[in-house]
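Data first, discussion second: the structure below is written as structure tokens.
Since every read-out is calculated from the coordinates, none of them should be taken as a lab result. Just so it is clear, the structure is predicted and the values come from calculations on it, not from any experiment. Methodologically, a virtual Cβ is constructed for each residue, glycine included, from the backbone with ideal geometry; neighbour enumeration extends over all protein chains shown.
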Amino acid sequence: MKNYSKQLLAIKEYVSTLFADDVTGHDYFHMQRVAKLARFIAKKEGADLFICEAAAFLHDVGDPKLCTDRSHALDNMNLFLERIEISRKDISHINHIIDHVSYSKKLIPSTMEGKIVQDADRLDALGAIGIARAFAFGGASGQMIYHDHQVRHTSIQHFYDKLLKLKRMMNTKTAAAIAKERHSYMEDYVNRFFDEWRGTTFSDEMNDNFDLC
Ligand code: ADP
Ligand code: NI
């Protein structure tokens, strides 16, 4: 098996420069966690470790949420991959994964490696990290935590619009098992959020004689 450690090191440096200043939950550490999860799932499912790890590090390159010129970002990435001597076949596979991974596109990558990277990215939107990322993203895009009357564009609404649906959308068994546990932690969190929001964690005394305006 070919040793890709030099190429992976170069990819990490490339990605860490690209996402160094991100405050929306898509910083370099998101890429690192997705790569670690993808590698773990790939080992369990018998997929190509290099493709999974490399595509996981690169999966948010050119994301319209994060940059203004998608094709320029992808052209630069492809030139970089050629420069570090990644084969044409692997570059094309990595591009296929990047093009299919995003939740909003509602696509499923055709290869096992793509399915794994998609699972790994979705797992990082779940659990304690997922909760932190949702509020970071919400804050950075000017969204409120929650609102009693206009719930639609709040970060808590995002849990119902997307995050709590992810458990059922995993492609691999390995990811589904991790998602199940992270989902249940998140459900507990949302229940607790509403308990505290409504004051039901305290006795009725707290809510007595308090006029909401
Ligand atoms: P994708 O491109 O598949 O949507 P990403 O990994 O790029 O996935 O980013 C999605 C992250 O951004 C998730 O962690 C999610 O919680 C957060 N996010 C996206 N939209 C919102 C939103 N409207 N409110 C809160 N968080 C959001
Ligand atoms: Ni991502």
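A run of the chain free of exposed loop cleavage sites, with trypsin sites (Lys or Arg not before Pro) counted only in DSSP states other than H, G, I, E and B and at most 12 other beta carbons within 10 Å, reaches its longest extent at 3-64. When the Gaussian network model of the chain links Cα atoms closer than 10 Å, the mean-square fluctuations of THR17, THR111, THR201 top out at THR201.
With a Förster radius of 22 Å applied to the C-beta separation of PHE29 and ASN76, the computed FRET efficiency comes to 0.50. Taking a ≥ b ≥ c as the square roots of the eigenvalues of the Cα gyration tensor of the range 1-63, is the shape rounded (a/c under 1.5), prolate (a/b larger than b/c) or oblate? Note, shape of the range 1-63 comes out oblate.
Just to be sure I understand the curve: with the Debye formula and one point per C-alpha of the range 106-183, what is log10 I(q)/I(0) at q = 0.13, 0.16, 0.23, 0.24 Å⁻¹? Values, matching the q order: -0.43, -0.62, -1.01, -1.06. Take every Cα pair under 8 Å whose residues are at least 6 apart in sequence, average their separation, divide by the length of the range 119-182, and the relative contact order is 38 percent.
With springs only between Cα atoms under 10 Å, which of ASP90, ASP148, ASP124 fluctuates most in a Gaussian network model of the chain? Fluctuation is largest for ASP148.
For MET144, the residues whose amide H sits under 5 Å from its own are SER155, ignoring neighbours fewer than 5 places away on the same chain, with H placed 1.01 Å from N. For the range 118-123, putting each phi into the Karplus relation 6.51 cos²θ - 1.76 cosθ + 1.60 with θ = phi - 60° gives couplings of 4, 4, 5, 4, 5, 5 Hz, in residue order, rounded to whole numbers and with x for Gly and Pro. Shown in residue order for the range 144-149 are the 3J(HN,Hα) couplings computed by the Karplus curve 6.51 cos²θ - 1.76 cosθ + 1.60 at θ = phi - 60°: 6, 4, 7, 8, 4, 10 Hz (x for Gly and Pro). Per-residue ellipticity at 222 nm, computed for the chain from helices alone with -39500 (n - 2.57) per DSSP H run of at least four residues, works out to -19500 deg cm²/dmol.
Derived from the Cα gyration tensor, the three semi-axes of the equivalent ellipsoid of the range 26-130 are 20, 17, 12 Å, largest first. Pairs of Cα atoms nearer than 8 Å and 6+ residues apart set the relative contact order; for the range 1-113 it is 23 percent. The magnitude of the dipole of the chain, with charges of +1 and -1 set on the Cβ of Lys/Arg and Asp/Glu and taken from the Cα centre, is near 1060 debye. Note on the chain: Rg/Rh from C-alpha atoms, Kirkwood Rh, equals 1.06. Applying 1/(1 + (r/R0)^6) with r as the Cβ-Cβ distance of MET144 and HIS96 and R0 = 41 angstrom yields a FRET efficiency of 0.65. Shape class of the range 55-116 from the Cα gyration tensor (axes a ≥ b ≥ c, square roots of the eigenvalues): oblate, since a/c reaches 1.5 or more and a/b does not exceed b/c.
Computed on the chain, with alpha-carbon pairs under 8 angstrom and 6+ residues apart, the relative contact order is 19 percent.
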